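Quick notes on the structure that follows.
No value in this document is a laboratory result; all are computed from the given coordinates. Quick caveat: nothing in here was measured; it's all calculated off a predicted structure. So basically every Cβ, Gly included, is an ideal-geometry build from the backbone, and we count neighbours across all protein chains shown.
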């Protein structure tokens, strides 16, 4: 992923102060996190040298991957990254009538500084060499897990890692909602690229991938789902939805239908405004702001410059 400091006007006034405050908090917390991570990585290296497992506790594994998210609606933990980094969703978010236009993950809780910093930390750790091992440790006694309460599959390598995690945690059911199913070798995007390389049978039964329809009130993408051997989900503005959450306080409660491959489609009730949420910080704007500040080499920024530069490098690398 790339950003350029000249891609948008430099924020001024209150917007600039908000970005500056977030950037300084990001730098401070990243410095603390990297210090803790360095200690853990030394421990992990010594254990591996002795032929031991890398992680003794789930807390160590959580630290290694940058933590998990805990959506209040879900009966389980999840893993999220910034919605701005969605390949297909990032395009759809600019088009009225799509399910990504006015997406909740562009505002509300997801636009709060603590959440932004946590999601950027998780995104940075995607390429960590023991990412799979850490997830296996965390999920060894879990019954359910959701990928991407914000964000989507980033690459073939990431999806291959998700499949491996599901294989190694056979007692846990995984749900992956995704819009990364257009283009590529089989016309199925990243998911189709994986199936073209590994075959449909390589996806374990406990990993349920739901191809999400692009537009509100659109029919499910049944043709491509059938070709790939997957299931679907849709979003509805009327009473056609089947997800019970909106009728029970926006909680899943005892429903686990999203994790059941025998249910061919889940219809969700449309929620949120038909416009982009306001009040938060756009992460791409933050990235452009950081590049601009680094290019100016201001004396007042030097204490934070290393953390900012490393954050930008990690985002581009992943």
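Were the residues from residue 260 through residue 305 laid out at 0.36 nm apart, the gain over their Cα-Cα distance would be 11.5 nm.
In terms of other Cβ atoms within 10 Å, 80, 155 run from fewest to most in the order 155, 80.
Against the set (i) -1.04, -1.15; (ii) -0.76, -0.90; (iii) -0.88, -1.03, the structure's computed log10 I(q)/I(0) by the Debye sum over Cα atoms at q = 0.12, 0.13 Å⁻¹ falls on (iii). Here r is the Cβ-Cβ distance between residue 18 and residue 171 and R0 is 51 Å; the resulting FRET efficiency, rounded to 0.05, is 0.70.
Of all DSSP beta bridges confined to region 13-317, the antiparallel ones make up roughly 10%.
Using a Förster radius of 35 Å, what is the FRET efficiency between residue 223 and residue 128 based on their Cβ-Cβ separation? Nearest 0.05, please. In this case the efficiency is close to 0.40. Put the Cα centre of region 29-103 next to the Cα centre of region 226-266 and the gap is 25 Å. Relative to the current alpha-carbon distance between residue 237 and residue 164, full extension at 0.36 nm per residue lengthens the span by 22.7 nm.
If the label point is 7 Å along Cα→Cβ of residue 73, which residues in region 163-178 have backbone nitrogen under 11 Å from it? No residues fall inside that zone.
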